[in-house]
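Derivation of every value follows stated rules applied to the coordinates shown; laboratory data play no part. Predicted model, so just to flag it, every value in this text is computed and none were measured. Note that we place each Cβ from the backbone using ideal geometry, even for glycine, and neighbour counts take in every protein chain shown.
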Amino acid sequence: MKKLFVFSLLFVVFVGFSSCDGKKDKKSDACDITAFSAGGKSWSVDQTARTITVNFDKGTAVNALSVSIITSEKAIVDPASGSTVDFTTSKKFTVTAEDNKTKKEYTATATVSQQ
């Protein structure tokens, strides 16, 4: 009888604690690009305008740059970090949150000086 009481008590405590935090099942809706680099430079990320920009010196080839991207925790970005991207024109990067519903699109532009 004592064992049954202890088991019942442990069960109640376990169930009680495991159901207290409803947040553990909620998936994050965070989907920001927090840092971006390519071509040996850190690029400027504007969260309000959702733009990513950088200036390169004249003659810099921007047609095949490997990107390094840091996003909000558990978010994914497409094209992915580590991809080689042609920045001769602006490129779109889509970040999808862990909840797989919330998305943000950023436009990355590399400007090569003409002087």
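A few points about this structure:
- Note on ALA49 and ASP25: with the Förster distance fixed at 30 Å, the Cβ-Cβ geometry gives a FRET efficiency of about 0.35.
- Local net charge near PHE93, Cβ-Cβ under 10 Å (Lys/Arg +1, Asp/Glu -1): +2
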